[in-house]
Amino acid sequence: MLALKELIENIKSCEVCWNFSDTSPCAICANPKRDQTTVCVVTDAPDVNVIEKTGFYNGVYHILRNVYDPSDEQSLERIKLSELLARLKKRTIKEVILALNPDIAGETTMLLLEKEIKTASPEVRLTRLARGLPLGADLRYADEITLASAFKNRTQKQ
Ligand SMILES: [Zn+2]
């Protein structure tokens, strides 16, 4: 198990979005045809593949790598939150779409992100995927049509 953990940690990452990639920035972050002003925040790298398969989203991503667990102080250090806030500080990003799984861990993490983003970058438009996704569903198992409509009908958090 330790060997596997080391292997995963040694995989190269894109230092912009934290997706696994041989290059940094990765192909998505470096693509001039992608909308670099819209960032979709997901939990894990496989979520990016799911969203990419819909072909519906043309922005860029931010992969948190973990969820926030209030009972575990160190979990705050394991999510790529300060990296996200640093990206927003450059003021080129106009919208952040929170696309974490609508389960308790995802909700807790999204609440934390909303609070931190509103404090650090109040000018950024903050949205969530629409509730087309069933409560407790895993983004990975959502069908492409449901996911595409969740993007389209995303709601702004006041
Ligand atoms: Zn990237």
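Per-structure values
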read-out: Qualifying residue in region 8-15 (condition: closer than 23 Å to residue 155 by Cα and loosely packed, with under 13 Cβ neighbours inside 10 Å); value: no
read-out: Failed condition for residue 48, given (1) closer than 18 Å to residue 140 by Cβ; (2) modelled with pLDDT under 95; value: (2)
read-out: Subset tally (residues that are aliphatic (A, V, I, L, M), under 15 Å from residue 150 (Cα atoms) and part of a helix (DSSP H, G or I)) for region 49-99; value: 2
read-out: Residues that are more than 12 Å from the ligand (Cβ to nearest atom), of a type in the set (Ser, Thr, Tyr) and part of a loop (DSSP other than H, G, I, E, B), drawn from region 6-48; value: 43
read-out: Any chance residue 112 is closer than 25 Å to residue 156 by Cα and away from the ligand (no atom under 16 Å from the Cβ); value: yes
read-out: Residue in region 68-77 that is surrounded by fewer than 18 Cβ atoms within 10 Å (Cβ to Cβ) and within 16 Å of the ligand (Cβ to nearest atom) present; value: no
read-out: Test result for residue 114, part of a helix (DSSP H, G or I) and under 19 Å from residue 13 (Cβ atoms); value: no
read-out: Counted residues, region 73-98 - those being modelled with pLDDT under 95 and either in contact with a Cys (Cβ under 7 Å, 6 or more places away or on another chain) or within 24 Å of residue 11 (Cβ to Cβ) (or both); value: 5
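For every residue, the table says whether it meets (1) out of contact with any Leu (no Cβ under 8 Å at 6 or more places or on another chain); (2) touching a residue at least 12 places away in the same chain (Cβ under 8 Å).
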site: 60; (1), (2): yes, yes
site: 64; (1), (2): no, yes
site: 71; (1), (2): yes, no
site: 83; (1), (2): yes, yes
site: 86; (1), (2): yes, no
site: 91; (1), (2): yes, yes
site: 97; (1), (2): no, yes
site: 100; (1), (2): no, yes
site: 105; (1), (2): yes, yes
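The values are calculated or read from the model by the stated rules, or taken from the named source; none is laboratory data. Keep in mind it's a predicted model, so treat the numbers as computed, not measured. Please note: Cβ atoms are built from the backbone with ideal geometry, for glycine as well, and neighbour counts cover all protein chains shown.
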